[in-house]
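A short write-up of the structure that comes next.
The values are calculated or read from the model by the stated rules, or taken from the named source; none is laboratory data. What you see is a predicted model; the values in this text were computed from it and never measured. Note that each Cβ is placed from the backbone with ideal geometry, even for glycine, and that neighbours are counted across all protein chains shown. Only protein heavy atoms, including side chains, enter the accessible area calculation; ligands, DNA and RNA are left aside. Shrake-Rupley method; radii C 1.70, N 1.55, O 1.52, S 1.80 Å.
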Amino acid sequence: MHLSRFFLPVLRETPKEAEIVSHQLMLRAGMIRQSAAGIYSWLPLGLRVLKKIEAIVREEQNRAGAVELLMPTIQSADLWRESGRYEAYGKEMLRITDRHDRDMLYGPTAEEVVTTIVRDGIKSYKDLPKNLYNIQWKFRDEIRPRFGVMRGREFLMKDAYSFDLTTEASRATYMRMFVAYLRTFARMGLRSVPMQADTGPIGGDLSHEFIILADTGESQVFCHKDLIEGEIPAPHTDFWGDLTPIFKEWTSRYAATEEKHDPARFESEVPADKRVSARGIEVGHIFHFGTKYSEPMGCRVQGPDGQQVTLVMGSYGIGVSRLAGAIIEASHDDAGIVWPVPVAPFEVAVVNLKAGDAATDKAALDIKTRLESAGLEVLLDDTDERAGAKFATMDLIGIPYQVIVGPKGVKAGEVEIKDRKTGARETLPLEAGIERTILSVIDQRVLA
């Protein structure tokens with residue numbers, strides 16, 4: 001992609017309405033623009049990040065045996081009346097009426113819709129288990145939307161829903177999703193800590209929040225240090241085997257949000273040198289809620305003995321759009337965003353320091369072509385901005401590697417390579433620079 005053809009409306013000054021780092025940098029880097037309170041347009045740079053996050057989420061859901069479908073954003077109020085949640089949910093639900101005076105709503109979640117789909121489509125225990133997931137826009141009418149995409153009203157969410165014949169089988173599904181979540185966030189360059197959580201309006205008897213640590217986090221969290229340094233389950237993990245050892249390894253040590261924190265237990269269970277008290281951001285939440293929805297909505301199948309069995313359910317959410325902000329909160333510096341390679345909008349920026357100079361233009365374009373031929377995603381800065389402005393923009397938008405091409409370097413057969421994360425710069429012969437960049441990107445593409 002040529003920057004001269006791209007749409008990248010960067011801002012040099014921080015907008016006054018942006019209170020936290022991710023909101024400030026997403027606005028400044030031209031990733032988003034506000035359309036209404038808590039509702040954003042995703043501009044090309046931001047959309048590329050969003051698609052990268054979505055792809056990782058999808059890959060790990062598929063790996064864990066979940067099956068994708070797409071459910072509507074607008075739902076019938078009658079479904080929510082069946083489950084008993086229509087009146088109980090509160091003002092966060094945006095209730096609307098269509099032209100035929102039917103009560104509708106903009107879905108904040110989709111338990112009712114998916115339960116109806118399974119109720120109507122599965123009749124026998126032989127068709128179980130099923131875990132269906134949906135990556136779709138949701139809406140919750142927050143009383144005070146703030147912090148950009150971290151607490152907006154409209155957001156992109158991955159929500160999965162599991163259906164099992166027994167509680168034992170359902171808890172095995174819960175553990176599959178638990179492991180999938182650990183892998184999902186690690187692949188984005190994040191270390192998440194699962195913490196026991198309240199079930200809230202979703203309901204149920206078992207729930208975990210996945211928290212990433214960030215100095216600018218929204219809440220205080222407390223945990224055993226070993227959880228931050230724990231080994232992430234490998235790609236070849238047998239998701240259909242016994243995951244109990246992994247689950248116990250990650251849940252046997254103390255980990256609690258501020259709401260669940262027990263200071264006395266924390267001090268008695270965690271050695272002083274292992275106690276971590278930090279700020280955290282919730283990026284995922286999983287629930288096991290049994291028959292809370294399947295019972296009132298009549299979601300049953302014929303069991304092995306011919307009797308009707310009410311299905312046991314769970315749900316599993318990841319804030320896809322929220323993750324874009326969370327990653328920035330966890331990975332930035334004074335100059336801007338520092339994207340991990342797997343979620344970066346582009347993997348390499350080729351910076352032409354003298355656009356319009358024939359030799360420099362040719363060298364920069366040749367390097368871009370060669371990097372793209374190796375499968376890398378490249379942004380070529382071919383604008384006529386001064387060098388300082390180019391460097392500031394590339395640091396702001398956080399592209400992991402920069403290949404800097406100028407007239408002197410072209411004459412000497414050299415390029416300068418910059419690692420955005422470390423700030424290290426190295427001048428290398430052209431061929432070595434290209435090779436180094438390709439290997440660096442490939443090495444960082446899969447983090448778990």
Residue match in region 118-132 (condition: surrounded by 18 or more Cβ atoms within 10 Å (Cβ to Cβ) and under 23 Å from the mean Cα position of the chain (by Cα)): yes
With the requirement that a residue be open to solvent by less than 10 Å² (accessible area, probe 1.4 Å), within 16 Å of Trp137 (Cβ to Cβ) and among the aliphatic types (A, V, I, L, M), what does region 40-70 give you? Leu50, Ile53, Val57
Yes or no: region 140-147 includes at least one residue that is over 22 Å from Ile211 (Cβ atoms), open to solvent by 40 Å² or more (accessible area, probe 1.4 Å), modelled with pLDDT under 95 and touching a strand residue (DSSP E or B) at 6+ places or on another chain (Cβ under 7 Å). yes
Please count how many residues of region 208-251 are of a type outside the set (Val, Ile, Thr), over 19 Å from the mean Cα position of the chain (by Cα) and either over 25 Å from Arg63 (Cα atoms) or outside any loop (DSSP other than H, G, I, E, B) (or both). 12
The number of residues in region 225-244 that are open to solvent by 80 Å² or more (accessible area, probe 1.4 Å) and over 16 Å from Arg191 (Cα atoms) is 4
Tally the residues that are at pLDDT below 90 and among the small types (Gly, Ala, Ser), restricting the search to region 208-252. 4
Screening Glu295, Glu329 for residues that are among the acidic types (Asp, Glu) and open to solvent by less than 10 Å² (accessible area, probe 1.4 Å) leaves only Glu329
Name the pairs: first residue in region 390-402 and assigned to a helix (DSSP H, G or I), second residue open to solvent by 10 Å² or more (accessible area, probe 1.4 Å), Cβ to Cβ under 6 Å, at least 6 apart or on different chains? Thr393/Val10; Asp395/Ala335
Given the condition under 16 Å from Ser192 (Cα atoms), among the polar types (S, T, N, Q) and open to solvent by less than 10 Å² (accessible area, probe 1.4 Å), answer yes or no: does some residue in region 245-257 qualify? yes
